[in-house]
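**Q** Before I ask anything, let me first share the structure, which is written out below as structure tokens.
The values are calculated or read from the model by the stated rules, or taken from the named source; none is laboratory data. This is a predicted model, so every value here is computed, not measured. Don't worry about glycine lacking a Cβ; one is built from the backbone with ideal geometry, like all the others, and counts go over all protein chains shown.
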Amino acid sequence: MRRRNSRIIAMIVMYIYDIRNEIMVNDVISLLENEENFNDIEYDLDFVNDLVLGTITNLREIDHIISLNLKNYTLDRLSYVDKSILRLGTYELKFTETFNEVIINEMIEISKEYTELDDYKTSKFNNAVLESIRKAVQNG
């Protein structure tokens, strides 16, 4: 659960980054630590930082990979949350040793929780994009 919570925090940070174009990791962590509702959340701050900084450092390549794997869609049409989820998932698929199945499953579960409107269309879309990216990364 710590890893999922860390990924959710990273998604929130990337969401804020996309809107404000600046890193807000410390502000998000302060919010989590000071809000009564978040006191019991376990997360790994080092993992959050690795995800966020790795994604931002490689953002141009990550966005290119996502764009190549979107079918009849463009990156700028994605919601901020979906874009953050796909960016983090792409970063992990491309630049980490985490099992691909774990990464995709985690990102889809986060998608279901934070972006789903009806009929799981959004999470199915994100799943298809991440699967396509997984295949592309494996094939070089």
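**Q** When the stretch 104-123 is examined, which residues are found to be surrounded by 14 or more Cβ atoms within 10 Å (Cβ to Cβ) and of a type in the set (Lys, Arg)?
**A** Scanning the stretch 104-123 gives a single hit, Lys112.
**Q** Taking the stretch 56-81 as the region of interest, how many residues are within 14 Å of Leu130 (Cβ to Cβ), touching a residue at least 12 places away in the same chain (Cβ under 8 Å) and surrounded by 15 or more Cβ atoms within 10 Å (Cβ to Cβ)?
**A** Total meeting the criteria: 5.
**Q** Condition first: over 17 Å from Arg2 (Cα atoms) and among the β-branched types (Val, Ile, Thr). Now tell me which residues in the stretch 91-119 satisfy that.
**A** Thr96, Thr115
**Q** Counting just the residues of the stretch 108-128 that are under 17 Å from Met11 (Cα atoms) and not polar (S, T, N, Q), which one comes out modelled with the lowest pLDDT?
**A** Only one residue fits best here, namely Glu116.
**Q** Sticking with this structure for a sec: For the stretch 101-112, name all the residues that are acidic (Asp, Glu) and either in a loop (DSSP other than H, G, I, E, B) or without any contact (Cβ under 8 Å) to a residue 24 or more places away in the chain (or both).
**A** Residue satisfying the conditions is Glu101 alone.
**Q** Specify the residue that is farthest from Ile108 (Cα to Cα); the eligible residues are those in the stretch 118-140 that are part of a loop (DSSP other than H, G, I, E, B) and not small (Gly, Ala, Ser).
**A** Asn139
**Q** Mind telling me which of the residues Ser132, Ser84 ends up being surrounded by fewer than 18 Cβ atoms within 10 Å (Cβ to Cβ), hydroxyl-bearing (Ser, Thr, Tyr) and at pLDDT 95 or above?
**A** Ser132
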